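Step one of this worksheet: look at the structure below.
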Amino acid sequence: MFLAYNNGIAATADAMELDGDGNIRVISNLQIVNGGQTTASIYHTEKKDKADISDIYVQVKFSIVKKKDEYANIVSDISKYANTQNKVNNADFSANNPILVELEKVSRYVMTPVTPERSIQTYWFFERARSQYKNIRLKEGFTKSRQKAFDLKYPKNQMFTKVELAKYINCFEEVYEGSKLVIGPHIVVRGSEKNYAQFVAKNLPSSAKKINNIYFEDTIAKAILFKAADELYGTKRKGNNIGELKSVVVPYTIGLLNHMVAGRINLYKIWKNQKVSESLAKVLYSLMTQVNPFIMNISPSNNYLEWAKKEECWTAVRDNSEWKCDLKSIEEDLINLNTTVTRKVTVNTDTDDKYDHDLKIVKSIPYKLWIKFAEWGAESGMLSLNLQSKAKEIANDLKYNHKLTSATVSRGMTIFDKVCEENYELLEEIDRLKEEELEEKEQKEKQRNTVRNINVNEVEIDIELIKRMVEWDRKNRVLEGWKFKIMHDVAIGLKPLTDKLKWGFRLNLKTLLKRGFDEL
């Protein structure tokens, strides 16, 4: 009854090609917009439960979206209407927003400054799509050492989602449309979904080109400011809470303080220090202890949360002139209008950075495992003949320390992604194969040390040695082409081995020994 009970899968793509039998031959930019649970269930049934799913069929509806300019919006709408029977957050529908896509890119390139408290640079990870952090951590942390390195590089407490992004930015300052207030702390209080919807509609930059390192650094400073205020407010569990209105008082206080100093909070200083100063923290705490009872006192009912969602509540807090606050104590935390600080746009999301990142992953996988990738691809049919061949080529390049081209790295990542999707268990062999590789290198180094002490003039140049030299140089390409050809012709019997050629081959041997040949 699977067919009867299951709604199948709805998916989108921007192009599809069918073969003569009507089977899908090529599909590009595939996205599942409904049926993610079905897909995951089938995957885990095969991978974890080891069940045979060869006779399981699931109906799929493909929508091919050919309007490239409208692609993100159309896919978002299809996802929205396809998921009306289940609870799906509105924030999920805007994951492909170009502004958010660019912000995600920038977040992968901008590293935090070194501070007295932290000597290593890290990243603030913007999670554009749900579970992105978890999935990338799983993909990049395929060994314990790599997982530890990932956690150091992308600390969990520096991961933030789209709705958190909206919260950090919307509470900081007001946005008006004409005389209408459309963004402010009271919007944040209305809840994650409503606040996020208003953020996307009214408070995103007008173009992806405006998303750069400066915008990102200021955003993270707002996040740090919000997190600091949130911690200062305290929790009921710890017994150090100011009151019961944290979700109201924190955004209200940040917006109020920024209003009181006329928008002069020095976000760049917060970014550079990766924390708020003690004096700024004291002012935040002092204001929160005042804002909390103020909102309760002016509320027309006991439903303080509902009251705080109204613009009237926020304007009453903002326009109150009786706040006791030592603003002089935070002069160093404010922008000095007489001193201009020039900040440069430094972020570069070009493919060079992506190549360096991907190169590290490709090179971190032992060459023997690349051979296993090729074998698995052939046995399972998951890799095309071209990709199987490329996996073997990468194995050879890594074994003999050849330089990897950007095209090779790109194809390597395609293979790696396929392995991650279809047979992640293969990666569990990495640590063992790494140890084998290290042992091989140590052994070869010992052999090379032995070879370096060999007197080449005492080595007998015979056909078997010449064959080994030819085979080694075929892979490493050390000798000039004409020298290789003469040796090759002798090795296969096209030319006789004369004393004169032995003398030349002895010189070739000397060259090969210097470059790592150790098969004497």
Q. Taking the radius of gyration and the Kirkwood hydrodynamic radius from Cα positions alone, what is the Rg/Rh ratio for segment 154-233, to two decimal places?
A. 0.97
(Q) Based on Cα coordinates alone, diagonalise the gyration tensor for segment 149-290, multiply each eigenvalue by 5, take square roots, and list the semi-axes in whole Å, largest first. (A) 22, 20, 16
Q) What is the log10 of I(q)/I(0) for segment 122-190, computed with the Debye formula using one identical point scatterer on each Cα and no solvent, at q = 0.14, 0.24 Å⁻¹? A) -0.56, -0.98
Q: Any chance you could tell me what percent of the C-alpha pair distances in segment 375-520 go past 22 Å?
A: 54 percent
Q) In angstroms, what radius of gyration and Dmax does segment 300-406 have, counting Cα atoms only? A) 30.3, 77
Q. Whose amide H sits under 5 Å from the amide H of ILE9, counting only residues 5 or more places off or on another chain, with H placed in the peptide plane?
A. GLN59, VAL60, LYS61
Q.
If every alpha-carbon in segment 292-362 counts as one equal scatterer, what log10 I(q)/I(0) does Debye give at q = 0.23 1/Å?
A. -1.04
Q.
Check which residues have an amide H placed less than 5 Å from MET159's amide H, if you skip close sequence neighbours.
A. PHE125
Q. If you average 1/r over all unlike Cα pairs in segment 389-438 and invert the result, what Kirkwood radius do you get in angstrom?
A. 11.9 Å
(Q) If R₀ is 60 angstrom, what is the calculated FRET efficiency for the pair THR122 and ILE64, using the beta carbon separation as r and rounding to 0.05? (A) 0.90
Q. Which of the lysines could be linked to LYS514 by a straight reach, that is with a Cα gap under 17 Å, when you skip same-chain ones fewer than 8 residues away?
A. LYS441, LYS444, LYS446, LYS475, LYS483
Q. Between ILE183 and residues 5 or more places away or on another chain, which pairs have amide H atoms under 5 Å apart, with H built 1.01 Å from N, and which residues are they?
A. VAL175
**Q.** Charge dipole (debye, nearest 20) of segment 202-271; +1 at Cβ of Lys and Arg, -1 at Cβ of Asp and Glu
**A.** 100 debye
**Q.** Cα pair distances in the chain, grouped into 10 Å bins until the bin that holds the longest one, percent each
**A.** 3, 13, 20, 19, 16, 13, 8, 4, 3, 1, 0
**Q.** Integer Hz, Karplus 6.51/-1.76/1.60 couplings in order for segment 32-38, x for Gly and Pro
**A.** 8, 9, 8, x, x, 5, 4
Q. Among ALA308, VAL490, TYR154, whose Cα lies farthest out toward the positive end of the dipole of the chain, if unit charges sit on the beta carbon of Lys, Arg (+1) and Asp, Glu (-1)?
A. VAL490
**Q.** Exceeding the 24 Å Cα-Cα cut-off - candidates LYS167/LYS202; LYS148/LYS210; LYS210/LYS282; LYS282/LYS328
**A.** LYS148/LYS210; LYS210/LYS282
Q: Considering the options LEU383, LEU404, LEU427, tell which one lies farthest towards the positive end of the dipole of segment 377-430, charges being +1 on Lys and Arg and -1 on Asp and Glu at the Cβ, about the Cα centre.
A: LEU404
Q) From largest to smallest, what semi-axes in whole angstrom does segment 27-80 give when each is the square root of 5 times an eigenvalue of its alpha carbon gyration tensor? A) 29, 11, 9
Q. From the backbone phi of segment 128-136, what are the Karplus-calculated ³J(HN,Hα) couplings (6.51 cos²θ - 1.76 cosθ + 1.60, θ = phi - 60°) in whole Hz, Gly and Pro given as x?
A. 5, 10, 4, 6, 4, 4, 4, 5, 5
Q. Which whole-percent values make up P(r) of segment 243-379 when all C-alpha to C-alpha distances are grouped in 10 Å steps starting at zero?
A. 9, 27, 19, 13, 12, 11, 8, 1
Q) Ignoring ligands, DNA and RNA, what percent of the accessible area of the chain is carbon or sulfur (1.4 Å)? A) 49 percent
Q. From the residues SER192, ILE136, PHE172, which one has its Cα farthest along the dipole of segment 89-204 in the positive direction, the dipole being from +1 and -1 charges on Cβ of Lys/Arg and Asp/Glu about the Cα centre?
A. ILE136
Q) Placing +1 at every Lys and Arg Cβ and -1 at every Asp and Glu Cβ, with all other atoms neutral, what dipole size does segment 410-518 have around its Cα centre, in debye to the nearest 20? A) 1140 debye
**Q.** Karplus (6.51, -1.76, 1.60) ³J(HN,Hα), θ = phi - 60°, over segment 327-342, in Hz, Gly and Pro reported as x
**A.** 5, 5, 5, 10, 4, 6, 9, 10, 6, 8, 5, 8, 10, 8, 10, 8
Q. In whole percent, what relative contact order does the chain give with Cα contacts below 8 Å and a gap of six or more residues?
A. 9 percent
Q. Quick one: net charge of LYS502's neighbours, Cβ under 11 Å, K/R +1, D/E -1?
A. -1
Q: Under 1.5 on a/c is rounded, so check that first for segment 207-318, then, if it is not, pick prolate when a/b is larger than b/c and oblate when it is not; a ≥ b ≥ c are the square roots of the alpha carbon gyration tensor eigenvalues.
A: prolate
Q: Count the DSSP beta bridges whose two residues both fall in the chain, then state the antiparallel fraction as a percent rounded to the nearest 5.
A: 60 percent
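The values are calculated or read from the model by the stated rules, or taken from the named source; none is laboratory data. In this text the structure is predicted, and so the values were computed from the model without any measurement. Because the Cβ atoms are built from the backbone with ideal geometry, glycine has one as well, and the counts that use them run over all protein chains shown. These accessible areas exclude ligands, DNA and RNA; they are computed on the full protein's heavy atoms, side chains included. Shrake-Rupley method; radii C 1.70, N 1.55, O 1.52, S 1.80 Å.
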